[in-house]
Amino acid sequence: MIPIQKTSPSRFAPASAVLVLFALAPLALGTAAVADDWPQFRGGPTQVGVAQGPLPAKPTPVWTYDLPEGVEATPAIAQGKVYAGGLSGRFVALDLANGKELWRYETGEEIKSSPLVSGGVVYFGDELGKLHALDAATGEVVFTFEAESSITGGPNLAGPCLVVGAYDNFIYCLDPKTGAERWKQETEGYVHGTPAIADGKVMASGCDGLLRLISLEDGKETAQLQIGSYVAASPAVLDGRLYVGTFDHEVIGVDLGKAEVAWRYKHPEREFPFYSSPAVHDGRVIVGGRDKMVHALDTATGKAHWTHAMRARVEASPVVVGDRVVVADQSGLLQILSVTDGSVQWEMEPGDGIAASPAIADGRMVIATDTGKIFAFAQRPSRSPAP
């Protein structure tokens, strides 16, 4: 077994630690991503949660790092570095190869916002409502922007528009270089998740039960759809369709061209909210629920291809790699499932709960646990033949 390189005081014990990750080849991350980066929540601006490359049958831990007080935000990976923030208010940059801390930055407020890395700058929000923009190489402040309330969702970026939603009932477009406000669109409730961006539009839903389509160029609302329920998840967009789960126990598919709901899915027996954001791949929408299940739905009809029972509620968003999907739950159970039928291909039972989603890049996959442990896993090296 590969020895784990510890970069802050931590003891790795397979019975109680989260064993989560695996190596992957270059990723399909959308328009803002580099092939070997995972620069933001769900990998790219359309937020489909899909990575390309081989998935090892037996992921092996290579390093671990501790952040105080726990982690809820998904780390980002860019240019050989891992970026992660925790509930203590500490934000760090780590070396992807060995987990060594490169720099740290203290906000003084809880960080639940997943970071975005672009153009040498890393962006994230905090519970006070401040958006931080730091030099990705040094951690020095480039600018800060203050909303009137918490920023829990990650920023998104397309063209000259850094998009972020806040609990002050606004969606903002900021200049990514200066933080100057370009436009803001008022909502009727908190914006908890990360807005998606596709085809020149920002797509966001929140506590007001509405899905808003907003022009990226000028911030004007072009369409508004009644979803009918609080939405905490972030939407995924692919081929003119948007998919998102709600707190009214539904997953919905939206036809963006017609600006109407195409289908609604609700499990026939188990009625629980969907907090996890969906992955979309190969005709399937795969999403975890607080019903302790993973659901794979048909993108065209919303009918279930399969469901899979977990041990606890599923807050972490799944990641699809080829014909397999990685899922994790609040008990700490990690599994790799078949995209085709949901059968278990591999599993570990580490014990620590997982709410943050995986980040995948450059031969590593990184995930953080509720207790603040950050793990990196890679392919186990093949043994040399005996002489």
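Annotations for the structure displayed:
Each row is one residue, and each column tells you yes or no for (1) of a type outside the set (Phe, Trp, Tyr); (2) under 22 Å from the mean Cα position of the chain (by Cα); (3) on the phi > 0 side of the Ramachandran plot.
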site: Leu162; (1), (2), (3): yes, yes, no
site: Glu188; (1), (2), (3): yes, no, no
site: Gly200; (1), (2), (3): yes, yes, yes
site: Gly206; (1), (2), (3): yes, yes, no
site: Gly209; (1), (2), (3): yes, yes, yes
site: Ser215; (1), (2), (3): yes, no, no
site: Gln224; (1), (2), (3): yes, no, no
site: Ala232; (1), (2), (3): yes, yes, no
site: Val237; (1), (2), (3): yes, yes, no
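- Filtered residues of the range 162-184 (kept if crowded, with 22+ Cβ neighbours inside 10 Å and assigned to a strand (DSSP E or B)): Leu162, Val163, Val164, Gly165, Ile171, Tyr172, Cys173, Leu174
- Selection from the range 315-355 of residues that are of a type in the set (D, E, K, R), under 20 Å from Phe375 (Cα atoms) and either part of a loop (DSSP other than H, G, I, E, B) or open to solvent by less than 10 Å² (accessible area, probe 1.4 Å) (or both): Glu315, Asp329, Glu349, Asp352
- Enumeration of residues in the range 278-314 that are open to solvent by less than 40 Å² (accessible area, probe 1.4 Å), in contact with a strand residue (DSSP E or B) (Cβ under 7 Å, 6 or more places away or on another chain) and assigned to a loop (DSSP other than H, G, I, E, B): Pro278, Gly283, Gly289, Thr299, Gly302, Met310, Val314
- For Ser215, the conditions (1) crowded, with 17+ Cβ neighbours inside 10 Å; (2) in contact with a Ser or Thr (Cβ under 9 Å, 6 or more places away or on another chain); (3) of a type outside the set (A, V, I, L, M, F, W, C); (4) farther than 27 Å from Val326 by Cβ all hold with the exception of (1).
- Against the conditions (1) more than 15 Å from Glu72 (Cα to Cα); (2) open to solvent by 10 Å² or more (accessible area, probe 1.4 Å), Tyr123 satisfies every one except (2).
- Residue match in the range 252-269 (condition: closer than 16 Å to Glu315 by Cα, modelled with pLDDT under 95 and either over 16 Å from the mean Cα position of the chain (by Cα) or hydroxyl-bearing (Ser, Thr, Tyr) (or both)): no
- Residue within the range 200-208 that is out of contact with any Gly (no Cβ under 7 Å at 6 or more places or on another chain) and open to solvent by 20 Å² or more (accessible area, probe 1.4 Å) present: yes
- Restricting the range 101-120 to residues that are part of a loop (DSSP other than H, G, I, E, B) and open to solvent by 50 Å² or more (accessible area, probe 1.4 Å) leaves a set whose member that is nearest to Gly363 (Cα to Cα) is Gly119.
- Condition broken by Ala84, with the remaining ones in (1) at pLDDT below 95; (2) assigned to a strand (DSSP E or B); (3) among the aliphatic types (A, V, I, L, M) satisfied: (1)
- Looking only at the range 236-277, and only at residues there that are among the charged types (D, E, K, R) and buried (at least 17 other Cβ atoms within 10 Å of the Cβ), the one that is nearest to Pro45 (Cα to Cα): Arg241
To keep it simple, each residue is scored yes or no on (1) open to solvent by 20 Å² or more (accessible area, probe 1.4 Å); (2) over 30 Å from Glu217 (Cα atoms); (3) in a loop (DSSP other than H, G, I, E, B).
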| residue | (1), (2), (3) |
| --- | --- |
| Pro68 | yes, yes, yes |
| Gly99 | no, yes, yes |
| Ala133 | no, no, no |
| Phe143 | no, no, no |
| Gly153 | no, no, yes |
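- Residue list for the range 356-379, filter: among the small types (Gly, Ala, Ser) and assigned to a strand (DSSP E or B): Ala359, Ala361, Ala368, Ala376, Ala378
- Among residues of the range 255-284 that are at positive phi, those with a beta-carbon under 6 Å from a residue that is assigned to a strand (DSSP E or B) at least six positions away or on a different chain give the pairs Ala259/Ala223.
- Test: residue in the range 228-235 that is part of a strand (DSSP E or B) and crowded, with 23+ Cβ neighbours inside 10 Å: no
The values are calculated or read from the model by the stated rules, or taken from the named source; none is laboratory data. Small disclaimer: the values here were computed from a predicted structure and weren't measured. Cβ atoms come from the backbone with ideal geometry, glycine included; neighbour counts cover every protein chain shown. Ligands, DNA and RNA are stripped out before the accessible areas are found, and what is left, the full protein with its side chains, is counted by its heavy atoms. Shrake-Rupley method; radii C 1.70, N 1.55, O 1.52, S 1.80 Å.
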